[in-house]
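Colleague: Just passing along the structure, written as structure tokens.
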Amino acid sequence: MRITLATAADLDRLLSFRTEAAGWLSKLGSDQWSRPYPADRLLTTIQAGTVFMLRDGERTAGTITLTPEAEEGLWSAEELGDRSMFVNKLTVAREYAGCGLGSKLLDWAGDRAYHAGAKWLRLDAWTTNERLQRYYLDEGFQHVRTVLEGNAVNGGPRVSGWLAQRPTRPTEHGLTDETPSPEPLRT
């Protein structure tokens with residue numbers, strides 16, 4: 001399998017991934033991703049070069065967003081002083097569930113972050129999705145804290161504020177990386 005940059009042509013597939021994942025999560029009793037994600041915001045992240053696709057031949061097996069930008073209000077100024085990269089929207093197509101692709105994508109992200117000069121690979125997860133939180137803990141992330149307030153959307157409580165991190169490191173992830181080398185992080 002190979003990793004490529006997402007293009008505007010991937011927009012519909014990425015939106016359908018989210019819908020598919022939301023349906024699966026709903027069956028598990030989670031409201032995660034129950035609100036549709038704005039296509040224009042997703043297109044902006046694609047154009048910024050932070051959305052990556054996991055391809056299996058002509059099929060798309062998964063996606064991950066990896067950015068040097070933290071979501072506002074989650075990480076402290078001291079934490080943001082450490083060079084970090086942030087994982088968002090990690091999704092594996094249901095037909096590939098159970099194949100370990102999420103783990104490979106996280107290892108790839110940690111390797112890429114390491115080569116960009118980051119100390120930490122960080123993420124925020126859905127606050128009420130304990131199954132997802134356990135998954136990240138099993139993947140070597142350490143829970144930092146849970147942020148419940150400060151969501152700008154509708155002035156309500158933050159729904160994705162479970163913060164975790166793990167050190168970056170070079171990794172043999174087993175994926176063919178067809179992306180440009182990462183830009184070094186600014187200090």
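The values are calculated or read from the model by the stated rules, or taken from the named source; none is laboratory data. Keep in mind that this is a model prediction, so the values were computed, not measured. FYI the Cβ positions are ideal-geometry reconstructions off the backbone, even for glycines, and counts take in every protein chain you see.
Colleague: Which one is modelled with the lowest pLDDT among residues in region 151-181 that are surrounded by fewer than 12 Cβ atoms within 10 Å (Cβ to Cβ) and among the hydroxyl-bearing types (S, T, Y)?
Modeller: S181
Colleague: Continuing with this model, one more query. Pull up region 17-58, narrow it to residues that are among the hydroxyl-bearing types (S, T, Y), within 30 Å of E130 (Cβ to Cβ) and at pLDDT 90 or above, then point me to the one that is surrounded by the fewest Cβ atoms within 10 Å (Cβ to Cβ).
Modeller: Of all residues in region 17-58, those among the hydroxyl-bearing types (S, T, Y) come to 19, 26, 30, 34, 37, 44-45, 50.
If we keep only those that are within 30 Å of E130 (Cβ to Cβ) too, we end up with 19, 26, 30, 34, 37, 45, 50.
Right, trim to at pLDDT 90 or above and you get 45, 50.
Numbers: T45: 17, T50: 20.
Taking the candidates together, the pick is T45.
Colleague: Of everything in region 117-150 that's in contact (Cβ under 8 Å) with a residue 24 or more places away in the chain and assigned to a helix (DSSP H, G or I), which residue is surrounded by the most Cβ atoms within 10 Å (Cβ to Cβ)? Full working, then the answer.
Modeller: Kept after step one, since they are in contact (Cβ under 8 Å) with a residue 24 or more places away in the chain, are these residues of region 117-150: 117-129, 131-133, 135-137, 139-142, 144, 147, 150.
Those still in the list that are assigned to a helix (DSSP H, G or I) too: 131-133, 135-137.
Values: R131: 12, L132: 18, Q133: 18, Y135: 16, Y136: 21, L137: 13.
Going through the qualifying residues, I end up with Y136.
Colleague: Between residues in region 80-94 that are within 19 Å of S16 (Cα to Cα) and in contact (Cβ under 8 Å) with a residue 12 or more places away in the chain and residues that are of a type in the set (A, V, I, L, M, F, W, C) and assigned to a strand (DSSP E or B), which pairs lie under 6 Å by C-beta distance while being six or more apart or on different chains?
Modeller: Qualifying pairs under 6 Å: L90/I64; A93/A61.
Colleague: Now for a different question. With respect to Y114, is the statement that it is modelled with pLDDT of 95 or more, surrounded by fewer than 20 Cβ atoms within 10 Å (Cβ to Cβ), among the aromatic types (F, W, Y) and not in a loop (DSSP other than H, G, I, E, B) true?
Modeller: Working: modelled with pLDDT of 95 or more: yes; surrounded by fewer than 20 Cβ atoms within 10 Å (Cβ to Cβ): yes; among the aromatic types (F, W, Y): yes; not in a loop (DSSP other than H, G, I, E, B): yes.
Judged against the criteria, Y114 is a match.
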